[in-house]
Amino acid sequence: MSKNILILNGSPRKHGNTSALTAEFIKGAKESGNNVVEIFLDDMNINGCKGCFCGGKDTNSPCVQKDDMLKIYPTYQNADIVVLASPMYYWNISGQLKTAFDRLFAIAECYENYENPKKESMFIMTAEGDDFKACEYWYDCMVKYLDWTDIGKIFCGGVMAIGDIKDKKELKLAYEKGKSIN
């Protein structure tokens, strides 16, 4: 059975190393018959969460702010799997991904006790260095508290300049992970 996969790509480089990993993941996932939507967050106008707790009144437009998140909410709600993809910035995910992810709380406001929709999730990250511990800790906590199911992580270090990822084993891992989803 095919799955609906949403990739929230927090990289500002549309053709950078993070995108090279997501491209291989997408290739494998589509070959297995899955539906994949990748959203490049840097192309979008997304405001930070206001913490107003005023969302959740309309599942089609759950947040009081009317910006490009309106393009993400329907795909997110329909997704079986959410892939968070980001380069490491200052030992964390990019601001683009953090801002969009925070705004998904408006969906939780649509449900009793702010219960988040149950999803499977995956984390894809690139970095100049190779210490992903802080980012992995954030992701593991997020999965735990949202009651999501982690289906994998791909961390690729030693990549800074566009193209540094060429010939890295993580490209094959991303393809194989996508291919394994069915």
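The values are calculated or read from the model by the stated rules, or taken from the named source; none is laboratory data. On a predicted model such as this, the values are computed, not experimentally measured, just so you know. Note that each Cβ is placed from the backbone with ideal geometry, even for glycine, and that neighbours are counted across all protein chains shown. Surface accessibility is based on the protein's heavy atoms, side chains included, excluding ligands, DNA and RNA. Shrake-Rupley method; radii C 1.70, N 1.55, O 1.52, S 1.80 Å.
Looking only at region 123-178, which residues are closer than 15 Å to Ile7 by Cα and open to solvent by 20 Å² or more (accessible area, probe 1.4 Å)? Within region 123-178, Asp150, Ile151, Lys153, Tyr175, Lys177 qualify.
Within region 31-58, the set of residues being open to solvent by 30 Å² or more (accessible area, probe 1.4 Å), touching a strand residue (DSSP E or B) at 6+ places or on another chain (Cβ under 6 Å) and not polar (S, T, N, Q) comprises Val37, Glu38, Phe40. Candidates Ile181, Ile162: the one that is touching a residue at least 60 places away in the same chain (Cβ under 8 Å) and more than 18 Å from the chain's Cα centre (by Cα) is Ile162. Scanning region 59-74 for residues that are surrounded by fewer than 17 Cβ atoms within 10 Å (Cβ to Cβ) and either touching a Phe, Trp or Tyr at 6+ places or on another chain (Cβ under 9 Å) or of a type in the set (Ser, Thr, Tyr) (or both) yields Thr59, Asn60, Ser61.
Out of curiosity, is Ala85 under 12 Å from the mean Cα position of the chain (by Cα) and either under 19 Å from Gly157 (Cβ atoms) or at pLDDT below 95 (or both)? It would help to see each step written out before you state the result.
Numbers: under 12 Å from the mean Cα position of the chain (by Cα): yes; either under 19 Å from Gly157 (Cβ atoms) or at pLDDT below 95 (or both): yes.
When the stated conditions are applied, Ala85 passes them.
With respect to Ile107, determine if the residue is in contact with a strand residue (DSSP E or B) (Cβ under 6 Å, 6 or more places away or on another chain) and either under 21 Å from Gly16 (Cα atoms) or outside any loop (DSSP other than H, G, I, E, B) (or both). No; evaluated as a whole, the condition is false for this residue. Going through (1) farther than 19 Å from Phe25 by Cβ; (2) at pLDDT 95 or above; (3) under 17 Å from the mean Cα position of the chain (by Cα) one by one, Asp150 falls short only on (1).
Selection of first residues in region 24-39 that are farther than 15 Å from Ala79 by Cβ and of second residues that are of a type in the set (Phe, Trp, Tyr), restricted to Cβ pairs under 7 Å at least 6 apart or on distinct chains, gives the following pairs, ordered by first then second residue: Glu24/Tyr175; Lys27/Tyr175; Gly28/Tyr175.
Among residues of region 66-88 that are more than 20 Å from Met122 (Cβ to Cβ), those with a Cβ under 9 angstrom from a residue that is of a type in the set (Asp, Glu), sequence gap 6+ or separate chain, pair up as Asp68/Asp43. Tallying residues that are open to solvent by less than 60 Å² (accessible area, probe 1.4 Å), without any contact (Cβ under 8 Å) to a residue 60 or more places away in the chain and not charged (D, E, K, R) within region 98-114 yields 6.
Among the residues of region 7-25, those identified as over 13 Å from the mean Cα position of the chain (by Cα) and farther than 15 Å from Ala127 by Cβ are Lys14, His15, Ala23, Glu24.
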